[in-house]
Each structure stands twice: as structure tokens, then as C-alpha cells.
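Peer 1: Pasting a structure here, questions to come.
The values are calculated or read from the model by the stated rules, or taken from the named source; none is laboratory data. All figures in this text were calculated on a predicted structure; none of them were measured in a lab. Cβ: placed from backbone, ideal geometry, glycine included. Neighbour counts: every protein chain shown. Just the protein is used for accessible areas: all its heavy atoms, side chains included, with ligands, DNA and RNA removed. Shrake-Rupley method; radii C 1.70, N 1.55, O 1.52, S 1.80 Å.
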Amino acid sequence: MFGLDYSWLADPAYQSWLVTGVINTLELAALSSSVAILIGMLGALGLSLRVFWLDALIELFVEVFRNTPPLLQMLFAYFTLSTLGLETTDPVTGLKMPLLSAFACACISLSLFGGALAIEAFRSGLETMPKAITEAGRSLGYSRWARFWRIEVPIASRVCLPSLTNILTNLFKTTSQASVITVPELMYYAGQIYNDTFRTLEVMILILIIYVVLVSILSYGMSRLEAYLTLPGYGKEQ
Amino acid sequence: MKRSEALIEIDNIHKSFGNFEVLKGISLSVNEGEAVCIIGPSGSGKSTVLRCINGLLPIDEGYIRVGKHRVHELRSEKEMRPLRHQVSMVFQQYNLFPHKTALENIMMAPIQVLGHERAEVEDRARKLLEKVRLGNKADSYPGMLSGGQQQRVAIARALAMQPEIILFDEVTAALDPETVKEVLLTIRELVDDGLTCILVTHEMKFAREVADRVCFTDRGLIVENAPPAELFDTPQDPRTREFLGQVL
Ligand SMILES: Nc1ncnc2c1ncn2[C@@H]1O[C@H](COP(=O)(O)OP(=O)(O)O)[C@@H](O)[C@H]1O
Ligand SMILES: [Mg+2]
């Protein structure tokens, strides 16, 4: 069909590369998304405390990670963290190996990148929190910490869910850059396969479709979550 | 420790926001079981007094004692917790948590803050919903309830903390005239039950009927403090007379 040759797809070796690639991509995305969301919440909490030096620190973090290319961040993380000389001994082979694998470096760098974006999102979510709600929480004896987790986070995350969806899909696509530091995710195996088969176009089309499907599932899931978490009648009055 | 036997004792409190002195030396004491209404023009510091009593706002100067708590000496939210257990507050804008149903709004703090047992709290919460005549709205979210219904849920939420004192801050000011009545009825029952209440209100008729004492505030001072019949019928201060002339 259209002169495209997909006969290589019948090869079990390539099939297992693709499957492993997809799994690693999903793992990388899931891990770094979770950490990014946590960073976003804690960063926004930090900003809400209005401590001068903490504000400055968080702002600096956000500016650095938001205003530099994520590919650069990943390379930076890989080369600095791997040259720190943190080593561990493989219990099976007895060989020395770096403590932080390429996968771990990618995870850290993606978490920080996503986290910086998420801080902004949660911050704007918290800023729309009516002062009255905070005051009700205080008058019922909630501590700052309990108020944050039990009252402010549930309300603010609903408000910032649409921007969080953007951040997470963005982060998902950015995982493909981990191939550059040899993390065996989907993009990495794509390269392996076309280097082997010389079927560049065919491989690219297939990978493109896989990304479209995965990201669509993610945004569909997020939109369902949004619908599920909608507060009946909230935000309509006043 | 105590200067008098009153349940709440406020002595010469001052509070400023920036250069603007909102409270200029307020003194007031409230006995157990008493219902005290605070009336006065908007901006005279009524809400600020209530917020100072339960420690939501720190005062600049003066003495506040509620039961055994010397409020002006409490510094952290943790130190405030026993006070918050003893004193509940109901706000003008209801301030319900929008992500929780009516029942959950009532149950949250007793479980999460006071550590009471869930089954017992749920039982208490359902009874309170009945008491405020909203037994059929347990699973409704605040956004689905009318203002008057939300306010009654807020009153039930305050009661669920099993407080000795409730502070009401213009709780009917944002309601439609028809729903004001049902909320006032609920409050009147609490006063009749002997709960100690401080009510900031614009409902003069209600104040006259339920209050043991009425305080008139103007520009950060309590100008006059007397039993309702006295304050409404024979006001002593010209400022009280002028205010009553406008609102009655
Ligand atoms: N957090 C605040 N910051 C600055 N000014 C405030 C604050 N809260 C109240 N005020 C001011 O203090 C004055 C008294 O407020 P308030 O106690 O709410 O009056 P009332 O309840 O009698 O209408 C008002 O002029 C108000 O603008
Ligand atoms: Mg007020």
C-alpha cells in the first residue's frame, strides 16, 4: 500500500522492542507526572506561606525550568548527575555501575520541568480560593497543613485541572527526548528499528500513530476526570 | 487568671489595619447562656470583634478571655485548637466547602480536627440536619442548595463541633427575605436551648426578641450596651438614636 513496507513488523524482535518502548514511555510519563504534580502542590503551598526567601527560591526554580529547553535540562541532568560519581555495585555481576541510571536522570529532569509548570497552575488555582473558605477552615480548627490537603488542594485542583491536562500532555510528549540520553523508550526503539531496517518513513508513521493514540487516551481520561470532579453549582453564584 | 465569672471577657481591645484603627478599645463580657446582639453601621468593626474573639485575627492590645483560654496569648493554630472547639462561627457568606456534600461539610471537622469516631459523628450530623430541617438534603452539594439552606447547613456544621459559644456574623444579610425567617427560627431555637451566642445582625426586630443584651457599635467603640427594651426604646447616646432612626 502506497509503497510502504511493514513486513518487518512480523519480526518478534521488533515487536518486543515496540512493546518495551511503549511500557518504558508509560512508566517514564507516569512517574514524572506524579512527581511533577507533587512538586506543583508543594511549590504552590510554599508560595502561599509568603516567606520571603522561600518565595525567591521557588520563583527562581520556576523561571529556570520554564524558560530553558527541556532537552537541555535533560542533557544537563544526565551529564551532571552521572559525573557526580555516585556509584553502586551490581549485586549480580559485582561490577560498579552508576547509581542513577539514564532512566532515573530522565525521570528527575522531566519531573522538575513538569513541576515548574505545575507550580504555576496550582498557584493560580489557589489564588482563586475564596478567602471565606480559608477562614471557615481556620474557624473549624484546621491547621495550615490540614487545610491545604483537605480543603485547598481538592478545590484548587478542580480549578486548575484544564491547565494541568495541558501540562501532562506536554510532559508526555517531552518523554521522547529521553531517547537522546539512551533511555530505551518508544522513540529510542524507533531509532533502533529504522537503523536496522532502513524503513524510516514506515517506522515514523507507526510511532506517530502510537503517540497520537496514547496522548488521546490521556486527554480523554483527563476530560472524564474533569467531568467527574465538577462541583454542581460551584462558581456560578457571586 | 479570670478577672470575672463571665464566659467571655473582652477588655479594652485595640486593632488596626495599617494606619486605620478599626477597634478603639472595646470591652464586653458575656455570661454563660446569654445571647448578645451587636448592631451598628457597616464598617464599625462588628465582624472584626467576632474574628478577634475566636482568634482568627490577632489583636494589637487588650485582653480577651473565652472560658479558660486567654485568646490574646495564643500564638499558633495548634494552641488555638481547643478554643476553636469551644467557639464556632457562622459567616455571612455561609463559607461551606463546595467539594463536599451537606452531610460531609458537617462531618469533616469533628472527624478530621477533633478526631471523633466516624459513625458517632455521622449520627450527630444527621440529627443536626433534621434539627435545621434539612434531613432530605444530606447528599446535596452546597451549589445545589439555596442561600437559606446553605446557611442552615453552616449552622449545623458549627453545632457539630459541640461548641459552648457560637458567633453569628450577619448570617441573614445575604439571604432573600423569605429565607431569612427560616434561618432566624433556627437561631432562636439555639438561643432558647441556652447556647451562648453573640450575634451581629441587622434584624432589629429579631434582636429585640431574642437578645438578653444589645450592644451598639460605632467607629470601633461600643457606644451603648443595654437590655433590648432599654436600648431600642430609650437610647441614651445620640449616635444610637440616629442609627435607630435610620434603620427602624
Ligand atoms: N483584613 C482587613 N484589612 C484591612 N481592612 C479591613 C480588614 N477587615 C476589615 N477591614 C476594615 O475594617 C473596618 C471594619 O470592618 P468590619 O469589622 O468588617 O465592619 P462591620 O462588620 O461592622 O461592617 C472596615 O472599614 C473594613 O474596611
Ligand atoms: Mg461585617
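Peer 1: Residues of segment A:40-73 being open to solvent by 30 Å² or more (accessible area, probe 1.4 Å) and in contact with a Ser or Thr (Cβ under 7 Å, 6 or more places away or on another chain), which ones?
Peer 2: A:P70
Peer 1: Could you check how many residues of segment B:208-226 are open to solvent by 60 Å² or more (accessible area, probe 1.4 Å) and under 18 Å from B:A35 (Cα atoms)?
Peer 2: Number of matching residues: 4.
Peer 1: Still on this model: Can B:R75 be described as surrounded by fewer than 22 Cβ atoms within 10 Å (Cβ to Cβ) and modelled with pLDDT under 95?
Peer 2: For B:R75, the condition - surrounded by fewer than 22 Cβ atoms within 10 Å (Cβ to Cβ) and modelled with pLDDT under 95 - is met.
Peer 1: Only residues in segment B:25-53 that are near ligand 2 (Cβ under 10 Å from one of its atoms) count as the first member; pair them with residues that are open to solvent by less than 10 Å² (accessible area, probe 1.4 Å) and aromatic (F, W, Y), Cβ under 6 angstrom, at least 6 apart or cross-chain, and list the lot.
Peer 2: From segment B:25-53, the pairs are B:G40/B:F216.
Peer 1: Only one of these is in contact with a Gly (Cβ under 9 Å, 6 or more places away or on another chain), open to solvent by 30 Å² or more (accessible area, probe 1.4 Å) and within 14 Å of chain B (Cβ to nearest Cβ): A:R144, A:R138. Name it.
Peer 2: A:R138
Peer 1: Now a separate question. Can you tell me which of B:F20, B:F97, B:F91 is aromatic (F, W, Y), in contact (Cβ under 8 Å) with a residue 12 or more places away in the chain and within 16 Å of ligand 1 (Cβ to nearest atom)?
Peer 2: B:F91
Peer 1: Filter segment B:23-47 for residues that are open to solvent by 20 Å² or more (accessible area, probe 1.4 Å) and within 9 Å of ligand 1 (Cβ to nearest atom); which is nearest to B:R65 (Cα to Cα)?
Peer 2: For segment B:23-47, the residue satisfying everything is B:S47.
Peer 1: Could you give me the residue pairs with C-beta distances under 6 Å whose first residue belongs to segment A:124-143 and is more than 22 Å from B:S88 (Cβ to Cβ), whose second residue is open to solvent by less than 10 Å² (accessible area, probe 1.4 Å) and not in a helix (DSSP H, G or I) wherever it lies, and which are 6+ apart or on separate chains?
Peer 2: Final answer for the pair search is A:G125/A:C160.
Peer 1: What is the residue count in segment B:110-141 for residues that are open to solvent by less than 30 Å² (accessible area, probe 1.4 Å) and farther than 24 Å from B:V183 by Cβ?
Peer 2: 1
Peer 1: Additional query: Just name the residue that is nearest to ligand 1 (Cβ to nearest atom) out of those in segment B:1-13 that are in a strand (DSSP E or B) and under 22 Å from B:E79 (Cα atoms).
Peer 2: Taking the candidates together, the pick is B:I13.
Peer 1: With (1) in contact with a Pro (Cβ under 6 Å, 6 or more places away or on another chain); (2) over 28 Å from B:P142 (Cβ atoms) as the list, and B:H99 as the residue in question, which single condition is left unmet?
Peer 2: With (1) in contact with a Pro (Cβ under 6 Å, 6 or more places away or on another chain); (2) over 28 Å from B:P142 (Cβ atoms) applied to B:H99, the lone miss is (2).
Peer 1: Take the residues in segment B:94-104 that are within 16 Å of A:V153 (Cα to Cα) and more than 7 Å from chain A (Cβ to nearest Cβ), then tell me which one is surrounded by the fewest Cβ atoms within 10 Å (Cβ to Cβ).
Peer 2: Ranking the candidates gives B:K100 first.
Peer 1: Exactly one of these conditions fails for B:D169: (1) buried (at least 23 other Cβ atoms within 10 Å of the Cβ); (2) at pLDDT 95 or above; (3) in contact with a strand residue (DSSP E or B) (Cβ under 8 Å, 6 or more places away or on another chain). Give me its number.
Peer 2: With respect to (1) buried (at least 23 other Cβ atoms within 10 Å of the Cβ); (2) at pLDDT 95 or above; (3) in contact with a strand residue (DSSP E or B) (Cβ under 8 Å, 6 or more places away or on another chain), B:D169 is out only on (1).
Peer 1: Of all residues in segment A:147-163, how many are within 9 Å of another protein chain (Cβ to nearest Cβ), in contact (Cβ under 8 Å) with a residue 24 or more places away in the chain and among the β-branched types (V, I, T)?
Peer 2: So the answer is 1.
Peer 1: What do you reckon, is A:F76 at pLDDT 95 or above and either open to solvent by 20 Å² or more (accessible area, probe 1.4 Å) or of a type in the set (S, T, Y) (or both)?
Peer 2: Spelling it out, it is not the case that A:F76 is at pLDDT 95 or above and either open to solvent by 20 Å² or more (accessible area, probe 1.4 Å) or of a type in the set (S, T, Y) (or both).
Peer 1: Then there is this: Being open to solvent by less than 70 Å² (accessible area, probe 1.4 Å) and of a type in the set (F, W, Y) is the filter here; which residues of segment A:181-238 pass it?
Peer 2: A:Y188, A:Y189, A:Y194, A:Y211
Peer 1: Filtering segment B:153-188 down to residues that are within 16 Å of ligand 1 (Cβ to nearest atom) and touching a Leu at 6+ places or on another chain (Cβ under 6 Å), which residue is nearest to the other protein chains (Cβ to nearest Cβ)?
Peer 2: Ranking the qualifying residues of segment B:153-188, first place goes to B:L167.
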